[in-house]
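See below for the structure under consideration.
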Amino acid sequence: LINGILREWNGPVSDVFSPIRYRGSSEKIKLGTYPLLSGKDALEILDSAHKAYNYGHGEWPSMTTAQRIDVVSKFVNKLKEKRDEIIELIMWEICKTQKDSQKEVDRTIEYVEKTVEALKSLENKDNAFIEDGGTVAQIRRRALGVVLCSGPFNYPFNETYATLIPALIMGNTVVMKLPRVGVLCHVPTFEIFRDVFPKGVVNVLPGTGRETLPPIMASGKIDCFAFIGSTNAADALVKAHPAPHKLRMCLGLEAKNPAIILPDADLDVAVSECVLGSLSYNGQRCTAIKVIFVHESIAKPFLDKFATSVDSMKLGVPWMKDVKITPLPEENKPNYIHQLMDDAIAKGAKIVNPKGGKFDRTLITPPILFPCNEHMRVMQEEQFGPLVPVASFSSISEVEEYFHKSKYGQQAAIFGKDPKELSRLIDSLTYQVARVNINTQCQRGPDVFPFTGRKDSSIGTLSINDALRVFSIRVMVATAET
Ligand code: G3H
């Protein structure tokens, strides 16, 4: 979709295969193809977004907020008609369970609707006059210009829209980079974008990020870079920009969120939240619990219960009833998970759940590794997959030390009861991470809550309210009072 036209593509394509195979068959199931655009094509797409923006004089940025709200509301109403189709594609392509795929799409629809409401109230707050010392000014909120939005494979629909929709509704035009994995769920939306938005406002960029994004960054012609994905990819892209220090960015990157199980924790709560937190969607969430620290006095009972729960998780395809663990969409991921597991075992950890660590192509029974220590790769790297490192501690200062040394700073979860200890830890950890969860797992939602991170985990804050500010600027018209 470029400049309002859904173009025919005669160039090279990449096949999209499902991680699922039919029973007893090793044959891949082809779901579709996507165009492999070149850097030159990407620049043409960028140009279309610029023409539509036209220095703020384009049809879209010139509309009133009420007019843009009207367009986005039409868009979301039509999107609802495609709900089931999008869910089906998410299940087949990235193997998210049916329940989670439904949640991803419904949550996105709700996100769009609530963004509209949030904008109405932001308008009321922002359109104000201020006065001081004889100078009076009127505040207005303006678009930034052209925004490059790129989402990840694990929330291909939701986390593309998490930046796309606020960027659009604030009057920006966008280049919407589709995730390489999780690309097909966007196909049902292209005609809606074409029919509802003025031409050139939404331009869709398929292809590999490696090929298409560096030329866009190197052109220096984007006003904001909105990216959710790996830290390495973001680093490389930001460096490609001619003035990286001046680039306005909103980045949702990697994390290594610890759970801390204190001696007085309710073990049933800790176990069920750690299972959900570490292994929902196979651990492929930036907010997943990626390491567990358990006090040595309760390590054994915690591990026994945790191992039993993890081993009872049902493996299978997304639409199976009560399925929890599904095939991974990235073909090379099992190899990486195996490397982390082998490294930890070589350095003294064991797989403590009897069923853990069995690999059937990309379907993995999650291994729980214990006892883990800081020399193991799995304690430092973001595994983004189904394996859970557990370390024991005798003094909480050992755990705090881990936070101090970590390059990540998104969230933590603490399980315990003593209000004094909880309060002391909250004080300490809120200087290390952006969200501390008490007796509950780490997560992004509810989507009205600010979602951000410290250190290498994030730049900027996303949420239904915050994202509107990220993709706009408050300007003012000032004069001397007469
Ligand atoms: O993968 C990163 C997502 O922001 C996680 O979102 O906590 O709602 O699953 P979630």
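Residues that are in a strand (DSSP E or B), among the aromatic types (F, W, Y), surrounded by 13 or more Cβ atoms within 10 Å (Cβ to Cβ) and modelled with pLDDT of 95 or more: does region 375-392 have at least one? No, region 375-392 contains no residue that is in a strand (DSSP E or B), among the aromatic types (F, W, Y), surrounded by 13 or more Cβ atoms within 10 Å (Cβ to Cβ) and modelled with pLDDT of 95 or more. Scanning region 413-455 for residues that are in a helix (DSSP H, G or I) and of a type in the set (G, A, S), we see that the one that is nearest to N257 (Cα to Cα) is S428.
If you check G460, G416, G409 for being within 16 Å of the ligand (Cβ to nearest atom), out of contact with any Cys (no Cβ under 8 Å at 6 or more places or on another chain) and open to solvent by less than 40 Å² (accessible area, probe 1.4 Å), only one passes: G409. Filtering T115, T135, T160 for residues that are away from the ligand (no atom under 16 Å from the Cβ), within 26 Å of I459 (Cβ to Cβ) and hydroxyl-bearing (S, T, Y) leaves a single hit, T115.
Taking region 463-482 as the range and being crowded, with 17+ Cβ neighbours inside 10 Å and part of a loop (DSSP other than H, G, I, E, B) as the test, the residues that pass are S463, I464, N465, F471. Among residues of region 187-203 that are among the hydroxyl-bearing types (S, T, Y), those with a beta-carbon under 8 Å from a residue that is outside any loop (DSSP other than H, G, I, E, B) at least six positions away or on a different chain give the pairs T189/L79; T189/I86. Checking I364 against (1) without any contact (Cβ under 8 Å) to a residue 24 or more places away in the chain; (2) buried (at least 21 other Cβ atoms within 10 Å of the Cβ): exactly one of these is not met. Which one? I364 satisfies every listed condition except (1). Here the condition is being small (G, A, S), more than 15 Å from V181 (Cα to Cα) and surrounded by 21 or more Cβ atoms within 10 Å (Cβ to Cβ); of S38, S26, S62, S48, it holds for S48 alone. Residues considered: I139, I130. Of these, the only one that is in contact with an Asp or Glu (Cβ under 8 Å, 6 or more places away or on another chain), at pLDDT below 95 and among the β-branched types (V, I, T) is I139. In the condition set (1) assigned to a loop (DSSP other than H, G, I, E, B); (2) touching a strand residue (DSSP E or B) at 6+ places or on another chain (Cβ under 6 Å); (3) under 30 Å from I368 (Cα atoms), V181 is compliant with all but (2).
You will find that of E123, E93, E81, E110, the residue that is in contact with a helix residue (DSSP H, G or I) (Cβ under 9 Å, 6 or more places away or on another chain), open to solvent by 50 Å² or more (accessible area, probe 1.4 Å) and closer than 30 Å to V317 by Cα is E81 and no other.
The values are calculated or read from the model by the stated rules, or taken from the named source; none is laboratory data. Since this is a predicted model, take the numbers as computed values, not measurements. Backbone-built Cβ (ideal geometry, glycine too); neighbour counts: all protein chains shown. Side chains are part of the model used for accessible areas, which takes the heavy atoms of the whole protein and leaves out ligands, DNA and RNA. Shrake-Rupley method; radii C 1.70, N 1.55, O 1.52, S 1.80 Å.
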